[in-house]
């Protein structure tokens with residue numbers, strides 16, 4: 001049996017690499033002869049930098065940058081990838097983006113500088129938080145000579161539509177009295193003028209790709225404020241404030257870019273940073289999971305496999321917006337290979353049009369508080385995978401016996 005294991009991280013518990021190894025060990029526990037094809041995955045959010053560095057051999061650079069909360073600093077990393085390190089990323093519809101071999105490529109994971117995990121729960125406030133630190137990382141990459149930049153979006157603690165990034169690149173945002181505004185979520189609906197007279201000229205000389213972890217638009221019922229604002233600490237009233245700000249500022253970005261960024265798939269990623277990167281940097285949005293899959297050669301690993309296992313910490317309604325499990329399952333379905341999603345928490349069984357091709361399996365065997373489950377995530381994932389493989393084996397034996405009894409004719413259940 002050939003099994004591809006291609007999980008995302010289990011946030012707060014296991015990296016994608018650790019999760020892949022635990023799943024592979026679980027398969028081997030039941031079937032020692034199984035061939036395991038490990039392919040740790042990511043979608044542009046937390047953990048993507050680690051996967052990129054592992055697959056390309058890129059060196060990472062650590063630096064002090066602005067934190068997501070005003071007046072704070074954090075240690076963040078980015079990767080400088082050799083010119084031949086990235087063969088290209090899949091854009092929406094299968095269109096391929098090819099990187100030039102003429103210069104190194106910077107990979108920046110925005111959650112390193114502006115992530116939700118960088119803040120204690122009681123201080124989270126998307127009205128106040130900023131992407132200034134992500135802008136610091138972009139500037140450092142430009143200073144290092146990189147003119148091809150991939151910015152991974154996901155795991156953000158911000159809803160500032162990229163105001164912070166743009167401010168670090170020379171844009172200024174002014175209110176009705178032409179006072180400069182601090183680049184954060186609560187400033188969005190107050191912006192009346194965008195001053196681009198001092199933008200770093202290297203921005204226009206560079207090519208930007210945004211690897212987004214979701215395909216949400218900027219605003220509306222599926223937008224950055226209403227879907228993700230509460231996760232980042234916003235109250236119901238604050239969500240509405242952010243929604244008004246995103247709609248107002250989004251219209252300004254439409255005028256600035258000459259494109260409908262408000263409704264663009266992926267524009268709402270990372271609190272609207274997807275829209276901001278398109279308007280301020282001329283970025284191209286690709287789905288992060290597809291981009292990483294292209295880099296890791298996942299499709300080639302799936303060919304000829306008998307089973308694909310993927311997973312993440314919590315499988316919920318957001319997973320089908322472009323997260324790793326849905327993307328991996330879709331690729332496997334193209335090759336007719338069954339997929340099972342393993343998760344610590346299963347909050348939905350929905351997989352859109354893939355419902356009849358994919359199974360979802362919870363790895364927690366019984367009642368258990370979240371802290372205990374996260375502490376024992378590796379053991380739970382290994383043992384849960386083993387249970388799943390045993391169940392699959394039981395069904396295979398049942399079908400085999402049914403065929404023998406019916407003289408080789410496949411029976412239906």
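Here, each number is a calculation from the coordinates, and none is a lab measurement. Just so it is clear, the structure is predicted and the values come from calculations on it, not from any experiment. Every residue, glycine as well, gets a Cβ built from its backbone with ideal geometry; the counts of neighbours run over all protein chains shown.
Summary of values
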| read-out | value |
| --- | --- |
| Segment 245-309: relative contact order as a whole-number percent, Cα under 8 Å and 6+ apart | 21 |
| Fluctuation leader among 251, 147, 177 - the chain, Gaussian network, Cα springs under 10 angstrom | 177 |
| Residue with peak Gaussian network fluctuation, the chain [Cα springs, cutoff 10 Å], from 311, 268, 300 | 300 |
| Spatial separation of Cα centroids for segment 154-212 and segment 240-304, in angstrom | 15 |
| In degrees, nearest ten, helix 16-30 long axis to first principal axis of the chain (Cα) | 0 |
| For 327, 235, 294, 167, order by how many other beta-carbon atoms lie within 10 Å, fewest first | 235, 294, 167, 327 |
| Percentage relative contact order, segment 48-289, counting C-alpha pairs under 8 Å, at least six apart | 19 |
| Compactness of segment 48-289 as Cα Rg over 2.2 N^0.38 Å, two decimals | 0.93 |
| Percent of beta bridges antiparallel (DSSP, the chain, rounded to nearest 5) | 35 |
| Beta bridges per DSSP with both ends in segment 48-289, % antiparallel, nearest 5 | 55 |
| Percent of Cα pairs exceeding the 12 Å cut-off, where the set is segment 37-82 | 67 |
